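Quick notes on the structure that follows.
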Amino acid sequence: MAGRRVAVFPSAAELGPVLAHLVASRAEKAISSNARFTLGLSGGSLVSMLSKELLRLPDLDCSKWVVGFCDERVVPFDDPESTYGLYKNHLFTKINIPESGILAINPSLPVNECAEDYTCKLKEAFPNDGIPKFDMLLLGMGPDGHTCSLFPDHLLLEETRKIVAPISDSPKPPPQRVTMTFPVVNAASCVVFVSTGGSKAPVLKDVLEGGKGPVFPAARVLPTDGELFWLIDEPAAASLTIQVERPGSGAKL
């Protein structure tokens, strides 16, 4: 791992623009090297934050972006639980990303077939990689320490062969989902966690400082040779005792 950086912002309002600039800078770097930028998205509060802040960037060019999803709920795209549906409404229709650059699940398939179909789409998008190596993954973390749809004490935490796995017993609704597995997450060149709100403070302390209890799924995200960022707000950082960065307004990481 190239190193972990923990940056604390007064609130989500200050965090958002820094996240957008980080995405844009990594996109520029990837496109200059590989003629494309591969990005994995997560849902939740990230949708509104990222959509709002990316659209504020001047001259944002997404024509060479390839976007996938770190996990997805197996529901129709017009369901409010669909992460793809939310990004389509808030972001994709407002930027110049080609339709071929969006890797979405087929929600009409049963969950196991849906995971297999999405696996094929990732393999087509990353034809030379045994394990897809995204330029950047954006992750969130639940108050239970889960990330993607990798939940505490679940068998999927030990999955090493599949790059995408189905889950039909998610402890958080909806129950049927597909998720990237740890081999894909930890192969990324850059992983960015965004965690805000006081409800995350207790588990965030365990994840970042090493608790005495079980290792939370989010703590197992350790990119093999990539960067790891934790962008958090003051309420989420309330219990931390480790040294953190406190970038000023308008900072770039």
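Values in this text are rule-based calculations from the coordinates and carry no lab data. Note that this is a predicted model, so its numbers are computed, not measured. Cβ sites come from the backbone with ideal geometry, for glycine too, and all protein chains shown count toward neighbours.
Legend: translational diffusion of region 135-253 by Stokes-Einstein, Rh = Kirkwood radius over C-alpha pairs, 10 °C, 1.306 mPa s; D = 105 µm²/s.
Note on L60, L91: ascending count of other Cβ atoms within 10 Å places them as L60, L91, the fewest first. Projected label points at S11 and A251, each 7 Å from Cα along the beta carbon direction, are separated by 1.8 nanometres. In this Cβ point-charge picture (+1 for Lys and Arg, -1 for Asp and Glu), the chain has a dipole of about 460 debye about its Cα centre. Shape descriptor for the chain: Rg over Rh equals 0.93 (Cα atoms; Rh from the Kirkwood inverse mean 1/r).
Extending 7 Å from the Cα toward the beta-carbon at both I95 and S48 defines two label points whose distance is 1.9 nm. Between the DSSP loop rule and a limit of at most 12 other Cβ atoms within 10 Å, which trypsin sites (Lys or Arg not before Pro) in region 1-98 are left? Answer in residue order: R56.
Taking the DSSP bridge list for the chain and keeping only pairs wholly inside it, about 25 percent are antiparallel.
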